[in-house]
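One structure is given here, and the rest of the page talks about it.
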Amino acid sequence: MSQEFTGTIRTLLDEYKKAVNELIAVIKPLSSNEILIIRDDKTTDVNCRSVQTILTHVVYAGYGYTNFIEVHFGNEKERRAKQFFENANEYVEDLNGMLEYCRNFFAENPGIELEEYDPSKKILTNWGQVYDIDQLMEHAIVHVLKHRRQIQRFLSSQV
């Protein structure tokens, strides 16, 4: 079922897909060993030690962004658990599933207000930042871009 979006929602979803596709292009040729190898053994961030941990984090966060919006509107869905994979194809499938989950939310809520100026009506994240939906989606897009760049640096040994 294809949903046609317009305006800002279409732009956000198109840019999210573009960012994810850029990430997929980087990881698709990687072997399981390249995904699993620890690239940064000095970091204290367990989400940034290997391509595997980064991809798991990106997908978990991506589902989480949509979940923040769902919960904000009273839909108490349980957040999807982290899932670790050992090959690129499974991560590609998971990244596309994350995008589809987000698209489905917007398809089911076509009239949703993206911008909110009243701070009391914004979404409080678990890391303490407060966003409206537009800002949260922009954050989601940039999050993928930042981690794509991080993986590219890992692969070129420029940690």
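Mind checking which residues of segment 1-19 are out of contact with any Asp or Glu (no Cβ under 7 Å at 6 or more places or on another chain), β-branched (Val, Ile, Thr) and not in a loop (DSSP other than H, G, I, E, B)? Answer for segment 1-19, where residues must be out of contact with any Asp or Glu (no Cβ under 7 Å at 6 or more places or on another chain), β-branched (Val, Ile, Thr) and not in a loop (DSSP other than H, G, I, E, B): Ile9, Thr11. Pick from Thr66, Thr53, Thr6, Thr43: which is among the polar types (S, T, N, Q) and open to solvent by 50 Å² or more (accessible area, probe 1.4 Å)? Going through Thr66, Thr53, Thr6, Thr43 in turn, the sole match is Thr6. Only residues that are open to solvent by 50 Å² or more (accessible area, probe 1.4 Å) and either acidic (Asp, Glu) or assigned to a helix (DSSP H, G or I) (or both) were counted in segment 72-99, giving 8.
What is the residue count in segment 101-152 for residues that are modelled with pLDDT under 95, over 25 Å from Phe5 (Cβ atoms) and part of a helix (DSSP H, G or I)? Residues flagged as modelled with pLDDT under 95, over 25 Å from Phe5 (Cβ atoms) and part of a helix (DSSP H, G or I) within segment 101-152 amount to 2.
All of Glu100, Glu34 fail the test of being of a type in the set (Asp, Glu) and over 20 Å from Val142 (Cα atoms), apart from Glu34.
Report yes if some residue within segment 20-40 is out of contact with any strand residue (DSSP E or B) (no Cβ under 8 Å at 6 or more places or on another chain), touching a residue at least 40 places away in the same chain (Cβ under 8 Å) and closer than 21 Å to Glu108 by Cα; otherwise report no. Scanning segment 20-40 turns up no residue that is out of contact with any strand residue (DSSP E or B) (no Cβ under 8 Å at 6 or more places or on another chain), touching a residue at least 40 places away in the same chain (Cβ under 8 Å) and closer than 21 Å to Glu108 by Cα. Scanning segment 20-71 for residues that are of a type in the set (S, T, N, Q) and in a loop (DSSP other than H, G, I, E, B) turns up Ser31, Thr43, Thr44.
Among the residues of segment 131-159 satisfying the criterion of being in contact (Cβ under 8 Å) with a residue 24 or more places away in the chain and of a type in the set (Asp, Glu), which is most open to solvent (accessible area, probe 1.4 Å)? So, considering only residues that are in contact (Cβ under 8 Å) with a residue 24 or more places away in the chain and of a type in the set (Asp, Glu), the one most open to solvent (accessible area, probe 1.4 Å) is Glu138.
The values are calculated or read from the model by the stated rules, or taken from the named source; none is laboratory data. Quantities reported herein were computed from a predicted structural model and do not represent experimental measurements. Cβ sites come from the backbone with ideal geometry, for glycine too, and all protein chains shown count toward neighbours. Heavy atoms of the whole protein, side chains included, go into the accessibility calculation; ligands, DNA and RNA do not. Shrake-Rupley method; radii C 1.70, N 1.55, O 1.52, S 1.80 Å.
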